[in-house]
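Structure below; questions to follow.
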Amino acid sequence: MKLKAAQVETFLRAPDAKAQLVLIYGEDEGLVRERAVKLAKTVVEDLKDPFRVIEMGSAQLKEDSSRLRDEAAAISFGGGRRVIRLRDIGDAQAPAISDFLKDPAGDALIVIEAGSLPSRSKLRQAVEKAGNGMALPCYADSGRDLEGLISAVMDDHKLRIDRDATRYLVANLGSDRMISRSELEKLALYAFKDGQVTLADAMDCVGDSSARHYDDVIQAVSQGNVVNLDTALTRLTEEGLNPVGALRMMLGYFQKLHLVKGQITQGANTEQAMKSLRPPLFFKAADQFRANLNNWAVPTLQRALQILLEAEKDCKSGLAVPETIAHRAMIKIAVARQKQARR
C-alpha cells in the first residue's frame, strides 16, 4: 500500500496495525530519518534498547537473506514488541523484502529508510503491492511545511514568534528537514530567555549561507546569466550543497512568478498580486521578484516550468546523474531568458 503525502502524519501518529513493514523514502534524508524515528517510537520509546530495537544494513541482508525473518520472529528479553530498522536499502534488497512480505513472521515493526525511489523501483513495488506493507513518501519541505515545523518547534519551547521572523525563516531555511530542525532548535535556545523570537533574532541566529547560495543560482537563471550560473553552482558544490535542491527551490520560485504574472495579465495590481502569495515573499526579495515579473513573458515562464518539471521527473527516474540533469535544465532556462531578451 502507498500513502498520499497528506495522509503521512496521521499514519505516523496511529500506524495501521496491518502494516508490519513500512518503507520511508525520499530525497530529503533528514525528513526520512525523522519520520522513521517517530514511527519506531510508537512501538519502543527508547530506541537505544538493545533487546527491542535491531538495526540492520544492506550488507547484512546480502550476507543472510533469512536474517530479517529470524529477527522478526524473535522474542525480546523481558517482553514487548520489537522494532527492526533497515538502512541503506535499495532495489538490490527488493527480493528479500518481497519474500518476507509474502510469508511474514513474528509481530516486529520493520522500518526501512531509503533514498529517492522512482515509481518503477522494485523495492517500492514490492511494498506497495503487499497488504502488510506501507510506503511513505518524503518530499522536500514546501513553504507550508516549513511554517508548520517552525510553529511546532517554537510551541515545544513555549516561545512566541513574530510573523516577520517566520517569513524570514521560510525564505532562508533549506529543504532538508534535519538541518532545518537543528537551526530552529538553535534559534529557540538563543531566544529562550526573552520568551519571543523576533526578526532580529532570526537574522542573527539562523545561518542563511545555504539559502544565499541557492538564491544566487536562482537569480542567475532568472536573469539569463550563464556565467554567473556557473560561478554560483561552483560555490554551491564547494559548500557541499545539492544542485537538485536548487532545482526544486527554483521550481517553487518560477511557479510564484507564473501565478503573479497571470494575475497581472488579468488586470490585477502588481503589488496586490505579490501580496497574495502564501507564504508571503520576504521583504528583501521583493525588488528582485518585481524585476523578474517585468523581464519574463508568460510563454517563457511556461517553458521554464515545463523544463523544471521534466527535470524533476528525470531526477527521480534514476536514468542519469541528478546533478547533471539539474545543471542542464538551469542552462536551458537561462538561454530561454536570453532569447526572449533579444526579441
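The values are calculated or read from the model by the stated rules, or taken from the named source; none is laboratory data. Just so it is clear, the model here is predicted, and its values are computed rather than measured. Ideal geometry is used to build each Cβ from the backbone, glycine not excepted, and the neighbour counts take in all protein chains shown. With ligands, DNA and RNA removed, areas are computed over all heavy atoms of the protein, side chains included. Shrake-Rupley method; radii C 1.70, N 1.55, O 1.52, S 1.80 Å.
In segment 8-41, which residues are crowded, with 22+ Cβ neighbours inside 10 Å, among the aliphatic types (A, V, I, L, M) and either under 22 Å from Glu71 (Cα atoms) or in contact with a helix residue (DSSP H, G or I) (Cβ under 8 Å, 6 or more places away or on another chain) (or both)?
Result: Ala19, Leu21, Val22, Leu23, Ile24, Leu31, Ala36, Leu39.
Looking only at segment 13-32, how many residues end up being part of a helix (DSSP H, G or I) and more than 21 Å from Gln125 (Cα to Cα)?
Residues that pass the stated criteria total 3.
Name the residues in segment 65-78 that are surrounded by 13 or more Cβ atoms within 10 Å (Cβ to Cβ) and within 25 Å of Leu123 (Cβ to Cβ), would you?
Ser65, Arg67, Leu68, Arg69, Glu71, Ala72, Ala73, Ala74
Which condition breaks for Ala152 when tested against (1) under 18 Å from the mean Cα position of the chain (by Cα); (2) exposed (fewer than 15 other Cβ atoms within 10 Å of the Cβ); (3) assigned by the TED database to the domain that holds Ser76?
Result: Ala152 fails condition (3) only.
Continuing with this model, one more query. Which one of these is modelled with pLDDT under 90, in a helix (DSSP H, G or I) and in contact with a Pro (Cβ under 7 Å, 6 or more places away or on another chain): Leu233, Leu229?
None of the others qualify; the one that does is Leu233.
Suppose we filter Ala285, Ala246, Ala297 for residues that are in contact (Cβ under 8 Å) with a residue 40 or more places away in the chain, touching a Leu at 6+ places or on another chain (Cβ under 7 Å) and either loosely packed, with under 15 Cβ neighbours inside 10 Å or of a type outside the set (Ser, Thr, Tyr) (or both); which single one remains?
Result: Ala246 is the single residue among Ala285, Ala246, Ala297 that is in contact (Cβ under 8 Å) with a residue 40 or more places away in the chain, touching a Leu at 6+ places or on another chain (Cβ under 7 Å) and either loosely packed, with under 15 Cβ neighbours inside 10 Å or of a type outside the set (Ser, Thr, Tyr) (or both).
Given Leu101, Leu117, which one is in a helix (DSSP H, G or I) and either modelled with pLDDT of 95 or more or open to solvent by 10 Å² or more (accessible area, probe 1.4 Å) (or both)?
Leu101
Against the definition (at pLDDT below 90 and over 19 Å from Ala19 (Cβ atoms)), how does Glu63 come out, yes or no?
Answer is yes for this residue.
Any residue at all in segment 299-309 that's at pLDDT below 85 and out of contact with any strand residue (DSSP E or B) (no Cβ under 7 Å at 6 or more places or on another chain)?
The answer is no; no qualifying residue exists.
Now, a different point. How many of the residues in segment 33-71 are free of Cβ contacts under 8 Å to residues at least 40 places away in the same chain, assigned to a helix (DSSP H, G or I) and under 14 Å from Asp107 (Cα atoms)?
Residues that pass the stated criteria total 3.
Counting only residues that are closer than 13 Å to Glu147 by Cα and among the small types (Gly, Ala, Ser), which one in segment 157-197 is surrounded by the most Cβ atoms within 10 Å (Cβ to Cβ)?
Ser175
With the requirement that a residue be surrounded by 14 or more Cβ atoms within 10 Å (Cβ to Cβ) and either under 16 Å from Glu27 (Cα atoms) or modelled with pLDDT under 80 (or both), what does segment 318-336 give you?
If the condition is that a residue be surrounded by 14 or more Cβ atoms within 10 Å (Cβ to Cβ) and either under 16 Å from Glu27 (Cα atoms) or modelled with pLDDT under 80 (or both), then Gly318, Pro322, Glu323, Ile325, Ala326 are the ones that fit.
Do we have Ile89 as at negative phi, touching a Ser or Thr at 6+ places or on another chain (Cβ under 6 Å) and part of a loop (DSSP other than H, G, I, E, B) here?
Yes; evaluated as a whole, the condition is true for this residue.
Among the residues of segment 256-280 satisfying the criterion of being within 25 Å of the chain's Cα centre (by Cα) and either of a type in the set (D, E, K, R) or not in a helix (DSSP H, G or I) (or both), which is nearest to Trp296 (Cα to Cα)?
Lys256
Condition check: under 23 Å from Ala17 (Cα atoms), without any contact (Cβ under 8 Å) to a residue 40 or more places away in the chain, basic (Lys, Arg) and surrounded by fewer than 18 Cβ atoms within 10 Å (Cβ to Cβ). Does Arg81 satisfy that?
Spelling it out, Arg81 is indeed under 23 Å from Ala17 (Cα atoms), without any contact (Cβ under 8 Å) to a residue 40 or more places away in the chain, basic (Lys, Arg) and surrounded by fewer than 18 Cβ atoms within 10 Å (Cβ to Cβ).
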